[in-house]
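The values are calculated or read from the model by the stated rules, or taken from the named source; none is laboratory data. Just so you know, these numbers come straight off a predicted model, no measurement behind them. Positions of Cβ are generated from backbone atoms using ideal geometry, with glycine treated the same way; all protein chains shown enter the neighbour counts. The accessibility values were calculated without ligands, DNA or RNA, using every heavy atom of the protein model including side chains. Shrake-Rupley method; radii C 1.70, N 1.55, O 1.52, S 1.80 Å.
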Amino acid sequence: MNLVMTLLWTRRPLSRHELRRTVEQYRLAQSDEAFERMFERDKDELRELGVPLETVEADPLFEDEVGYRIRSDEYVLPEIRFEPDELVVLGLAARTWSHGTLGGAAAQALRKLQATQPENDGASAGPVEPRLGASEPTFPDILRAVQELREIRFAYRRAGSAASRQRRVQPWGLTSIRGHWYLTGFDLDRQEERVFRLSRIEGRVTAHGRPGAYAVPPDARPAEIARAAVSETPSTVIELEVERGAAAGLRRSAEVVEELEDSSRLRITSLPREDAVSEIATLLTRVRRVEPLEVAEAVVRHLDAVIDAHTWSGLGEVAAQAEGALAEERRRSSRRHGSIEPATARLSRLLAMVPWLVHRQGIDIPAAAEGLGVTEDQLRSDLELLFMCGYGSMPDELIEVESENGQIFIRNADAIERPLRLGWDEAVTLIVGLRALAGVPGLHDDDAVLRALTKLEAAAGDLSAAADRVSARMDDVDAELLARLRSALEQGKRVHLVYDGAARDERTERDVDLLRVVSAGGQWYAEGWCHRAQATRLFRLDRIVAVEVLDVEGTPPPEAVGRDLSAGVYQPAADALTATLLLDPAARWVSEYYPVEEQATLEIDTEDAAAVPHLAVTLQVSRPQWLIRLVVRLGGHARLLAPAELRETLLDRTRAARAAHTGETRPADG
């Protein structure tokens, strides 16, 4: 911080010797070597943050004398004024990243843009909350490599594979598809373009070579390549009978051919055959007369695989092995220490904090903490640090901070009273967020998005080119449905929903007082107070069959509180049971899709190979029937290890389903 202020304050380049005499921390260095290490570290960190630290001649008469400076015109964010409606959509764009690894960068970018406009602090983004996520830990490193056009290396496990393999890739672009991020690039070992799902990257991503070492082919379309790679496989026409009221999820992909006395005849044409088989199997004894024959036989084989997996003679031994591996992982976790904030993260926050506070003189500490996205304790700690920052060591060269009476006043901070230019990650998050918002119909004022995007791209300069290599869409939503829900929210009206629930796989009708509409994990949800459940509930928009806006006051009661979605959409009830699953390589996706409590890897000998890596996971489960359907859907690739009573229930129902499909007398569905 002191180095930044000193080099912004000076009118000429300063040599290393001058900096050592001027900057307090350097003067306290115990040796020349210690100073050199500190200075080299600080230079690297400042450049990492986007501070334009220049190396120039310190004195024209002495060519070997190197000096350093930071030009104010290159440091500060260009003067840019946003209208209130533009700040609203910028806030929405920042919030799209709030539950991901770049949430901090997006929020800080917004604070920089808001810093000199305190009159618009009250602008609200409203009750509609789109989110892009990017919770994958490798996302920031890969995004940086995409921005720098720099080779990366990582261990990658393909879907269904037991082991990971090292990959050397030249990144071309990142694409978000249904809540997951994919890297498109050129695989140097295979000498062809490939697509990699970030959640299947294991361990660290390392950069190799120099930035700009290659160019993305001009005809390459990374987003199109990624979407084509994850597109659905061809479907099969399937007909079946399901009990009346059952198969709510399957009905959304089906056509009703005939309504019978106690069942419905459905025709499925849009599901890939493999997905259809697993969905039919999860209906257990509530489905019959599946056609064509080869699909019916595939369903029976699917159920057989579930039965075989749970009657395996080695199940008891493996359950004990899994519990031991999970216990060892718990011991390791308890020995790990909490994370320490990197110095660069705090410096970045302080450089954004000072301009924000300078333009809000006298703001209360609680309001400042909320606006800056920190706790009050963290804010007080940062203010104490500012006392020691300046362009010298004399009192009139240090920042003056006053906060004893609960209000904050910042003086003598002229050198950094304007915010630093947007960093590459800050620019990319907001630009990508705005572009994603532009594709969602009925969500916002399209003109405001376009105006904000134009101004932001101008302020970001060359950094906007990096955003061109990142593609995210949130337009997979019924525009009319979204508009009606938004209208109900704005008018404060109750809605009547016809809803296909996943927990019980049944259709229900509910009256709901809406809290918000939010996207998470690639899906859109309406959240509100459900009068049927007398609790706050989330409703997936693609499962809403019909909605009616009622002429009834729809203000949620005081006890209606929105969920914290940072840990995922699924949140178990207080009385949820703990279940342990053993996942083979083809089912590892469960640990990526559902919020597992614990996980540990263990090697299991199978009929096909020895020492195959499996994953033991624990889940908090509110509805046991949901877990039974999940395990059946996985078709033998997962084993329910505990609780044992639920495993027996699973076996009983799977055997009964198999008997029904093979033409035997249908047992009662217990």
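Can you name the residue in the range 354-388 that is outside any helix (DSSP H, G or I) and open to solvent by less than 50 Å² (accessible area, probe 1.4 Å) and, of all such residues, is nearest to V76 (Cα to Cα)?
R360
Between a residue in the range 38-55 that is open to solvent by 50 Å² or more (accessible area, probe 1.4 Å) and any residue that is hydrophobic (A, V, I, L, M, F, W, C) and not in a helix (DSSP H, G or I), which pairs come within a Cβ distance under 8 Å, given they are 6 or more apart or on different chains?
R47/L53; T55/V66
Quick one: A458 ticks every box in (1) part of a helix (DSSP H, G or I); (2) aliphatic (A, V, I, L, M); (3) surrounded by 18 or more Cβ atoms within 10 Å (Cβ to Cβ) except a single one, so which number is it?
(3)
List the pairs whose first member sits in the range 243-270 and is touching a residue at least 40 places away in the same chain (Cβ under 8 Å), whose second member is surrounded by 18 or more Cβ atoms within 10 Å (Cβ to Cβ) and of a type in the set (S, T, Y), and whose Cβ atoms are under 7 Å apart, counting only residues at least 6 apart or on separate chains?
Final answer for the pair search is E243/S263.
Being touching a helix residue (DSSP H, G or I) at 6+ places or on another chain (Cβ under 8 Å) and closer than 30 Å to D446 by Cβ is true for just one of W97, W9. Which residue is that?
Result: W97 is the single residue among W97, W9 that is touching a helix residue (DSSP H, G or I) at 6+ places or on another chain (Cβ under 8 Å) and closer than 30 Å to D446 by Cβ.
Scan the range 390-402 and give yes if some residue there is open to solvent by less than 30 Å² (accessible area, probe 1.4 Å) and either in a helix (DSSP H, G or I) or within 26 Å of R81 (Cβ to Cβ) (or both), otherwise no.
Checking the range 390-402: not a single residue is open to solvent by less than 30 Å² (accessible area, probe 1.4 Å) and either in a helix (DSSP H, G or I) or within 26 Å of R81 (Cβ to Cβ) (or both).
Condition check: out of contact with any Cys (no Cβ under 9 Å at 6 or more places or on another chain), open to solvent by less than 30 Å² (accessible area, probe 1.4 Å) and modelled with pLDDT under 90. Does G185 satisfy that?
no
Do we find a residue being over 19 Å from R633 (Cα atoms), buried (at least 19 other Cβ atoms within 10 Å of the Cβ) and at pLDDT 90 or above anywhere in the range 266-274?
yes
Of everything in the range 1-37 that's among the acidic types (D, E) and more than 17 Å from C389 (Cα to Cα), which residue is surrounded by the most Cβ atoms within 10 Å (Cβ to Cβ)?
So, considering only residues that are among the acidic types (D, E) and more than 17 Å from C389 (Cα to Cα), the one surrounded by the most Cβ atoms within 10 Å (Cβ to Cβ) is E18.
Those residues that are surrounded by fewer than 17 Cβ atoms within 10 Å (Cβ to Cβ) and either touching a residue at least 60 places away in the same chain (Cβ under 8 Å) or aromatic (F, W, Y) (or both), I need them from the range 461-472; list them, please.
The answer is none; no residue qualifies.
Of the conditions (1) out of contact with any helix residue (DSSP H, G or I) (no Cβ under 6 Å at 6 or more places or on another chain); (2) at negative phi; (3) open to solvent by 40 Å² or more (accessible area, probe 1.4 Å), L283 clears all except one; give me its number.
Of (1) out of contact with any helix residue (DSSP H, G or I) (no Cβ under 6 Å at 6 or more places or on another chain); (2) at negative phi; (3) open to solvent by 40 Å² or more (accessible area, probe 1.4 Å), only one is false for L283: (3).
Return a yes/no flag: does the range 587-596 have any residue that is crowded, with 16+ Cβ neighbours inside 10 Å and either basic (K, R) or more than 27 Å from the chain's Cα centre (by Cα) (or both).
yes
Filter the range 157-182 down to the residues that are open to solvent by 40 Å² or more (accessible area, probe 1.4 Å) and touching a Lys or Arg at 6+ places or on another chain (Cβ under 6 Å), then identify the one that is farthest from A465 (Cα to Cα).
Filtering the range 157-182 for residues that are open to solvent by 40 Å² or more (accessible area, probe 1.4 Å) and touching a Lys or Arg at 6+ places or on another chain (Cβ under 6 Å), the one farthest from A465 (Cα to Cα) comes out as S164.
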